1. Scan region 140-157 for residues that are part of a strand (DSSP E or B) and on the phi > 0 side of the Ramachandran plot and jot them down.
2. I'm trying to understand the selection: among the residues of region 48-70, which are within 35 Å of the chain's Cα centre (by Cα) and open to solvent by 50 Å² or more (accessible area, probe 1.4 Å)?
3. Can you tell me how many residues in region 171-189 are over 20 Å from A239 (Cα atoms), in contact with a helix residue (DSSP H, G or I) (Cβ under 7 Å, 6 or more places away or on another chain) and hydrophobic (A, V, I, L, M, F, W, C)?
4. For the subset of region 200-238 comprising residues that are buried (at least 19 other Cβ atoms within 10 Å of the Cβ) and of a type in the set (K, R), which member is modelled with the lowest pLDDT?
5. Counting just the residues of region 163-199 that are buried (at least 18 other Cβ atoms within 10 Å of the Cβ) and over 20 Å from the mean Cα position of the chain (by Cα), which one comes out farthest from D215 (Cα to Cα)?
6. Quick one: which residue in A136, A160 is more than 24 Å from the chain's Cα centre (by Cα) and either on the phi > 0 side of the Ramachandran plot or surrounded by 15 or more Cβ atoms within 10 Å (Cβ to Cβ) (or both)?
7. In region 18-37, what count of residues is obtained for those that are modelled with pLDDT of 70 or more and assigned to a loop (DSSP other than H, G, I, E, B)?
Amino acid sequence: MWATATALVLVLIVAWFFGSVAKWLLRHRARLNTTTCMVLSILGTAVGLFIAGAIDHRMNVWHPVTIVLGLASSIVAVGAYAMVAARLQVPTGIPVAELLASGESERVEFKSTARVNLHTKQRDVAMETVIVKTVAAFLNSDGGNLLIGVDDGTPLGLDADFTTLRHPDADRFELFLRDLLTATLGQSTAAEVGISFEQVARPAGDAEASASPTDVLVCRVECTPSPRPVYLRGMKNNALPEFWVRAGNSSRQLSVDQAAEYVMHRWPLGAGRALAAQVRAAVRFSSV
């Protein structure tokens with residue numbers, strides 16, 4: 001009993017150590033949590049021990065060759081997982097300035113405002129609709145970042161939207177966004193969306209930057225892939241729900257038959273496909 005208890009503790013310690021080494025080596029490839037690394041490390045180490053036993057059945061656990069094979073197999077196991085995770089996970093923590101430099105893509109979208117039409121200088125519900133459509137599309141696809149207060153890669157700030165708020169500050173703007181997402185996408189879905197603010201410098205050649213060198217505030221709406229379909233409730237009464245996805249660097253609404261087919265393939269109900277979907281979801285939501 002004592003030997004078994006000690007062995008279990010040692011297995012966890014070795015798995016934690018091997019997993020930590022693998023996690024450190026692969027830290028730039030994907031987000032991996034400690035528990036996932038430990039499980040993969042145990043499996044990889046077991047494979048390494050099988051290989052060591054096949055090479056020489058008289059080799060003990062503490063032999064240098066056994067340790068090296070166990071560590072190498074552990075890193076390979078975590079690395080294989082990281083390769084899958086790197087393809088499915090959405091990069092997080094990327095500075096807004098870096099997103100601006102990379103431009104719009106399947107996972108990055110820029111919007112000048114969330115409430116105000118810059119042509120009419122008035123509040124426009126259509127601008128709010130565009131925001132929720134983009135968020136829904138990100139959630140139904142592979143996730144992404146929506147930057148509000150940016151026009152074609154140039155940071156404009158949130159001053160135009162702030163003029164429509166009773167208290168023109170970031171807290172009130174976030175409250176407005178939360179209420180908007182809750183009303184159109186549902187409370188549970190809105191809670192999964194991350195909202196943050198970051199000061200960004202205007203471009204050096206910007207005329208406004210020369211006159212007012214202060215940074216401008218940009219809002220980042222960060223969306224991770226949703227584990228379930230997200231439907232957009234119409235902004236008008238009795239409007240039918242809409243289903244949006246990302247298509248390249250734009251958001252696209254699917255028809256009823258297209259949405260049904262998309263949902264069946266992305267969130268399958270069959271046992272085998274459901275298991276595969278759960279694995280993909282686990283990889284997407286792995287975190288440090």
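The values are calculated or read from the model by the stated rules, or taken from the named source; none is laboratory data. Just so you know, these numbers come straight off a predicted model, no measurement behind them. Heads up, the Cβs are rebuilt from the backbone with ideal geometry, glycines too, and the neighbour counts pull from every protein chain shown. Accessible surface is based on the protein model in full, side chains and every heavy atom, while ligands, DNA and RNA are left aside. Shrake-Rupley method; radii C 1.70, N 1.55, O 1.52, S 1.80 Å.
1. So the first thing to find is which residues in region 140-157 are part of a strand (DSSP E or B), and the list is 144-148, 150-151, 154-155.
Within region 140-157, G144 is the sole residue that qualifies.
2. Within region 48-70, the first condition is being within 35 Å of the chain's Cα centre (by Cα), and the residues that meet it are 48, 68-70.
Answer for region 48-70, where residues must be within 35 Å of the chain's Cα centre (by Cα) and open to solvent by 50 Å² or more (accessible area, probe 1.4 Å): just V68.
3. To start, the set of residues in region 171-189 that are over 20 Å from A239 (Cα atoms) comprises 171-178, 188.
Adding the requirement that they be in contact with a helix residue (DSSP H, G or I) (Cβ under 7 Å, 6 or more places away or on another chain) leaves 173, 178.
Next, from what is left, pick out any that are hydrophobic (A, V, I, L, M, F, W, C): 173.
Residues in region 171-189 being over 20 Å from A239 (Cα atoms), in contact with a helix residue (DSSP H, G or I) (Cβ under 7 Å, 6 or more places away or on another chain) and hydrophobic (A, V, I, L, M, F, W, C): 1 in total.
4. Result: R202.
5. Restricting to residues being buried (at least 18 other Cβ atoms within 10 Å of the Cβ) and over 20 Å from the mean Cα position of the chain (by Cα), the top hit is T184.
6. Details: A136 fails: more than 24 Å from the chain's Cα centre (by Cα).
Of A136, A160, the one residue that is more than 24 Å from the chain's Cα centre (by Cα) and either on the phi > 0 side of the Ramachandran plot or surrounded by 15 or more Cβ atoms within 10 Å (Cβ to Cβ) (or both) is A160.
7. Let us first name the residues in region 18-37 that are modelled with pLDDT of 70 or more, namely 20-21, 24, 33-37.
Still in the running and assigned to a loop (DSSP other than H, G, I, E, B): 33.
So the answer is 1.
Quick grid of which residues meet (1) at negative phi; (2) part of a helix (DSSP H, G or I); (3) of a type outside the set (G, A, S):
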position	(1), (2), (3)
V39	yes, yes, yes
A46	yes, yes, no
F50	yes, yes, yes
A54	yes, yes, no
W62	yes, no, yes
T66	yes, yes, yes
A77	yes, yes, no
V84	yes, yes, yes
